[in-house]
1. Which of the helices (runs of 4 or more DSSP H) contained wholly in region 55-165 include at least 1 residues that are over 14 Å from the mean Cα position of the chain (by Cα), touching a residue at least 12 places away in the same chain (Cβ under 8 Å) and closer than 24 Å to residue 34 by Cβ?
2. For region 247-265, how many residues are under 22 Å from residue 185 (Cα atoms) and more than 25 Å from the chain's Cα centre (by Cα)?
3. Tell me the residue from 38, 21 that is in a helix (DSSP H, G or I) and either at pLDDT 95 or above or more than 27 Å from residue 245 (Cβ to Cβ) (or both), please.
4. What residue, among those in region 191-226 that are assigned to a loop (DSSP other than H, G, I, E, B) and farther than 26 Å from residue 157 by Cα, is modelled with the lowest pLDDT?
5. Mind listing whichever residues of region 156-207 are in contact with a helix residue (DSSP H, G or I) (Cβ under 7 Å, 6 or more places away or on another chain), closer than 18 Å to residue 138 by Cα and surrounded by fewer than 17 Cβ atoms within 10 Å (Cβ to Cβ)?
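The values are calculated or read from the model by the stated rules, or taken from the named source; none is laboratory data. Just so it is clear, the structure is predicted and the values come from calculations on it, not from any experiment. With ideal geometry, Cβ positions are generated from the backbone for all residues, glycine too; neighbour counts draw on all protein chains shown.
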């Protein structure tokens, strides 16, 4: 029976459309590590991070985050772990299956002067000391790489304590951003599952998670587009700069006349906030007993 359970886990892992080699290649090629997210930095270059900061601040509300345990799954090269430690006092940890991604995340934490635990491993096979342990489980651009979104979310929820918070953020590949990404960098588009807010909500419910809210974020951010097929060509730099300028002009306009609302067609991100049900730990325990684990 143990072998059959292991086979199920392996089958789940094989639906990863990107794979460890993909991320290892990306994180190993990073020439300059990102600066930790700092919402106090003014200017349009930090507009997106400040917007996400406002959403996270609202999500935590009166939670009382000081000393609580926080886990980022898919933390390779993460600039967010130091942010969550410094802004909210979380005891932060990260999980990633890429060796280079973990190394980069550790270095970013070190440079920020933040103590944190970064573990290399699979989210589908959590260590026993990581199960049901975290008050917040966070992912940024993770679950959309797995063809079975609900299975991925269910695996992520195994790390959260009963009643714990899950914050899931993915790119919007169903609207205009997805269409542009498909044209400009099909290699990148193909490692994603195109999900809208309805799909993400449905997958969270299928994973037995209680939805608090699921929403599109920002009106536009063309800076999220990537163009591997034109790598090292001047047109790539020109298009990235053009997209950045267009986005910034719209942000300035919206600051003056706030009429541009997040929507399924132009928004770059989808954010879902959910809770692990209090009875989830008991259900998982019963499933393990039935499987002979």
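1. Hits in region 55-165: 81-88, 99-112.
2. 0
3. Among 38, 21, only 21 is in a helix (DSSP H, G or I) and either at pLDDT 95 or above or more than 27 Å from residue 245 (Cβ to Cβ) (or both).
4. Within region 191-226, the match that is modelled with the lowest pLDDT is 226.
5. If the condition is that a residue be in contact with a helix residue (DSSP H, G or I) (Cβ under 7 Å, 6 or more places away or on another chain), closer than 18 Å to residue 138 by Cα and surrounded by fewer than 17 Cβ atoms within 10 Å (Cβ to Cβ), then 162 is the only one that fits.
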